[in-house]
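*Asks:* Let me give you the structure first, and then I'll get to my questions.
The values are calculated or read from the model by the stated rules, or taken from the named source; none is laboratory data. Here the structure is a predicted model, which means the values were calculated and not measured. Counting neighbours? That spans all protein chains shown, and the Cβs are built from the backbone with ideal geometry, glycine included. Surface areas here come from the heavy atoms of the whole protein model, side chains and all, with no ligands, DNA or RNA. Shrake-Rupley method; radii C 1.70, N 1.55, O 1.52, S 1.80 Å.
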Amino acid sequence: MMRERIDCDVAIVGGGIVGGSAALFLRQAGLSVTLLERDWCGAKASGVNFGGVRRQGRPLEQLPLSQRAHAIWGRLPELLGTDAEYIRSGHLKLARSEPDLASLIDYRERTQGFGLGLEIVTGDEFRRRWPALGDRAIGGSLCPEDGHANPRLVSPAFARAAAKLGVVVREQTPVDRVEKDGDRFVLLSGDVLEVRARFLLNTAGAWSRRVAEAFGEPVPLESLHPNMAVTEPLPRFLDVNIGVEGGGVYGRQVPRGNMVVGGGRGFALDADRARPQRDAVLTLMRDAAELFPQLRHAHVIRCWTGVEGYTPDRNPIIGPSRTTPGLFHAFGFSGAGFQIGPGVGQTLAELVTAGETAMPLEPFRIDRFPLTT
């Protein structure tokens, strides 16, 4: 069998929300693009995360990208032909102690000027607005235009929208070898496919280190596995996406009534697969019931996890390679890539088409980590 060969402007490794959105924006700019995904587009971390679409709680250095992404989320029907169950419900971050509340107030002050519109709610007003919440929380910080979406719908939708514009999308196509030959990147998938491109985007999530290593820049990247569960449909009691200061539990109720909750960790089966941990699910549901009393007798109908790539400082790696012109990285989102992903994809498209971007990427440079082996 002859190996198929594709020549294009840009090759993208990884079909999650970052790779899919980058492909869409690059194609809109007129470039030829080939997107390679080892599984199904949006099937890994982009498609199995909690579904929170939040700016609140991010480090300040991420907020310009997050604000860019926020504008893109508001255009989903226009861009993708679906709203992907995206709802600007508001994101309420709960305080369970006075120090937690002080931390939320401090964050509101430090994020002035970023357009989050944070509102601190406590006391009788807090109980009046969210009477269904248990007594564990004493107040919270509301970001009114944050919300949630269905990751199983929105993540693959970017790749599908890109394909409709002419992007070559190849799923079930692992990249076995990648190198640079002169001014072209060469990607091989078995004996089946060879892709040659002027630019290469490394958006392969927890597997991105393999691409970086191929160009002499290994980085510290740890795989972790978020623990999540969903209940049977319940009477509607919650209209906001919930987080907790200090972490531990997060939750959202979808319009059909199911409550999606997350917290704790699953465990790895191997480098590519993970499973929920029984004890972690039990702990999660116990802790969630303290915040949401309606869950005390609810049936859990499914639990799951995924594989996410975490950097030591929990900030992503975004921007040009330190070793190889034409190579751009975007990975290591450390469990917080869903909301920011489309903004990163648009920024990668700018880096390729214009050679620069107005987005401040200095905190995300790959060379903040020393070369390791």
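*Asks:* Within segment 248-269, identify whether any single residue is basic (Lys, Arg) and under 24 Å from PRO233 (Cβ atoms), and answer yes or no.
*Replies:* As a first pass, look at segment 248-269 and keep what is basic (Lys, Arg): 252, 256, 265.
Among the residues that remain, those that are also under 24 Å from PRO233 (Cβ atoms) are: 252, 256.
So far as segment 248-269 goes, yes, one or more of its residues are basic (Lys, Arg) and under 24 Å from PRO233 (Cβ atoms).
*Asks:* Hey, can you tell me all the residues within segment 21-58 that are polar (S, T, N, Q) and over 17 Å from MET228 (Cα atoms)? Even if it seems obvious, please write down each step before you answer.
*Replies:* Here is the first cut: in segment 21-58, the residues polar (S, T, N, Q) are 21, 28, 32, 34, 46, 49, 56.
SER21, GLN28, SER32, THR34, GLN56 - these are the residues of segment 21-58 that are polar (S, T, N, Q) and over 17 Å from MET228 (Cα atoms).
*Asks:* Would you confirm, using the coordinates I've provided, whether GLN339 is in a loop (DSSP other than H, G, I, E, B) and under 19 Å from MET359 (Cα atoms)?
*Replies:* Working: in a loop (DSSP other than H, G, I, E, B): yes; under 19 Å from MET359 (Cα atoms): yes.
Taking the combined requirement at face value, the residue satisfies it.
*Asks:* For THR357, indicate whether it is in contact with a Lys or Arg (Cβ under 7 Å, 6 or more places away or on another chain) and crowded, with 16+ Cβ neighbours inside 10 Å.
*Replies:* Numbers: in contact with a Lys or Arg (Cβ under 7 Å, 6 or more places away or on another chain): no; crowded, with 16+ Cβ neighbours inside 10 Å: yes.
Considered against the rule, which asks whether it is in contact with a Lys or Arg (Cβ under 7 Å, 6 or more places away or on another chain) and crowded, with 16+ Cβ neighbours inside 10 Å, THR357 comes out as no.
*Asks:* What number of residues within segment 142-178 satisfy the criterion of being over 22 Å from the mean Cα position of the chain (by Cα) and over 21 Å from ALA22 (Cβ atoms)?
*Replies:* 2
*Asks:* Further, regarding this structure: Look at segment 278-308 and say how many of its residues are more than 22 Å from the chain's Cα centre (by Cα), crowded, with 16+ Cβ neighbours inside 10 Å and not in a helix (DSSP H, G or I).
*Replies:* Total satisfying the criteria: 3.
*Asks:* Mind counting the residues in segment 176-198 that are crowded, with 22+ Cβ neighbours inside 10 Å and out of contact with any Leu (no Cβ under 7 Å at 6 or more places or on another chain)?
*Replies:* Final tally of qualifying residues: 1.
*Asks:* Only one of GLY264, GLY246 is over 19 Å from the mean Cα position of the chain (by Cα) and under 30 Å from ARG136 (Cβ atoms). Can you tell me which?
*Replies:* Working: GLY264 fails: over 19 Å from the mean Cα position of the chain (by Cα).
On inspection, the qualifying residue turns out to be GLY246.
*Asks:* Check every one of the strands (runs of 3 or more DSSP E) wholly within segment 199-252 and list those with 1 or more residues that are open to solvent by 40 Å² or more (accessible area, probe 1.4 Å) and not aromatic (Phe, Trp, Tyr).
*Replies:* Details: elements: 222-224, 226-233, 241-244.
Result: 222-224, 226-233.
*Asks:* Can you name the condition, by its number, that ARG108 falls short on among (1) under 30 Å from GLY248 (Cα atoms); (2) open to solvent by 20 Å² or more (accessible area, probe 1.4 Å); (3) in contact (Cβ under 8 Å) with a residue 40 or more places away in the chain?
*Replies:* The number of the failed condition is (3).
*Asks:* Determine the pairs where a residue that is farther than 25 Å from ARG256 by Cβ, located within segment 130-151, has a partner that is polar (S, T, N, Q) and surrounded by fewer than 23 Cβ atoms within 10 Å (Cβ to Cβ) with Cβ atoms under 6 Å apart, the partner being 6 or more residues away or on another chain.
*Replies:* GLY139/THR122
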